[in-house]
Amino acid sequence: MNEQIPYFRQRLQEKLPPMRYEHSLGVSYTAMALAMRYGCDLDQAETAGLLHDCAKHYSDGEIIKKCRKHEIELSEAELKAPAVLHAKYGEWLAKHRYGVNDPEILSAIRWHTTGHAGMTDLEKIIYIADYIEPRRDKAPDLPAMRRLAFQDLDRTMYEMLDGTLKYLKKKGGSVDPMTEEAYEYFKKVMEAGKEAGKGESTV
């Protein structure tokens with residue numbers, strides 16, 4: 001166990017609203033379960049899961065101000081869809097306020113809202129754990145996604161991104177280009193898998 005985990009929990013409990021803290025614990029435990037399934041580092045999964053929402057107690061406006069103060073570059077797309085920015089500022093907080101120096105953990109925190117092309121297994125695990133952790137109860141596809149998550153990370157990413165884009169477009173919300181890019185990437189992964197399957201012997 002990472003010896004800093006109790007410290008992280010204590011600080012998060014002081015900073016986050018109670019249900020957000022419970023969510024962070026849920027993501028951490030779910031990420032560890034997925035890490036066990038896919039042979040990833042448990043300490044990395046636990047830490048990234050705990051800290052993924054460490055900036056969530058700030059409003060979108062406060063996060064924009066803090067990003068500018070610390071010279072964190074913001075794109076026009078991010079400013080149009082500021083709900084994703086807690087991940088970017090969360091990466092900065094994890095490094096500069098919580099003392100996390102592992103680039104894989106920081107990257108998993110950074111990309112847990114939009115995803116991106118060519119994600120690492122740890123990045124996929126945190127993205128997925130954020131969606132399926134036990135306290136989540138809104139998305140209608142949760143039971144299917146919870147089963148699929150322990151069978152195929154790439155297919156789970158594809159299905160989640162597909163559902164997210166459909167929801168955002170139906171709602172008329174701004175879509176971050178990285179989410180579109182991630183979707184196209186995992187769509188190609190799925191298509192490549194189907195093509196490979198066609199060439200396999202059925203004997």
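The values are calculated or read from the model by the stated rules, or taken from the named source; none is laboratory data. If you're wondering where the values come from, they're calculated on a predicted model, not measured in any experiment. Quick reminder, even Gly has a Cβ in these numbers, built from the backbone with ideal geometry, and neighbours come from all protein chains shown.
A few comments on the model shown:
- Residue in the stretch 50-66 that is out of contact with any Lys or Arg (no Cβ under 9 Å at 6 or more places or on another chain), surrounded by 22 or more Cβ atoms within 10 Å (Cβ to Cβ), modelled with pLDDT of 95 or more and more than 20 Å from residue 173 (Cβ to Cβ) present: yes
- Every residue from the stretch 44-68 that is of a type in the set (Asp, Glu), more than 10 Å from residue 28 (Cα to Cα) and not in a loop (DSSP other than H, G, I, E, B): 60, 62
- Every residue from the stretch 15-32 that is in contact (Cβ under 8 Å) with a residue 24 or more places away in the chain and out of contact with any helix residue (DSSP H, G or I) (no Cβ under 7 Å at 6 or more places or on another chain): 15, 17, 19, 20, 22, 23, 25, 26, 29
- Among residues of the stretch 79-96 being among the basic types (Lys, Arg) and without any contact (Cβ under 8 Å) to a residue 40 or more places away in the chain, the one that is farthest from residue 69 (Cα to Cα) is 95.
- Residue in the stretch 79-89 that is over 24 Å from residue 182 (Cα atoms) and modelled with pLDDT of 95 or more present: no
- Condition broken by residue 34, with the remaining ones in (1) within 22 Å of residue 83 (Cα to Cα); (2) assigned to a helix (DSSP H, G or I) satisfied: (1)
- Subset of the stretch 103-140 that is part of a helix (DSSP H, G or I) and among the charged types (D, E, K, R) - its residue that is farthest from residue 183 (Cα to Cα): 104
- Residues that are at pLDDT below 95 and not in a helix (DSSP H, G or I) were ranked within the stretch 141-186; the one that is surrounded by the fewest Cβ atoms within 10 Å (Cβ to Cβ) is 172.
- Of the candidates 58, 38, the single residue that is in contact (Cβ under 8 Å) with a residue 60 or more places away in the chain and not charged (D, E, K, R) is 38.
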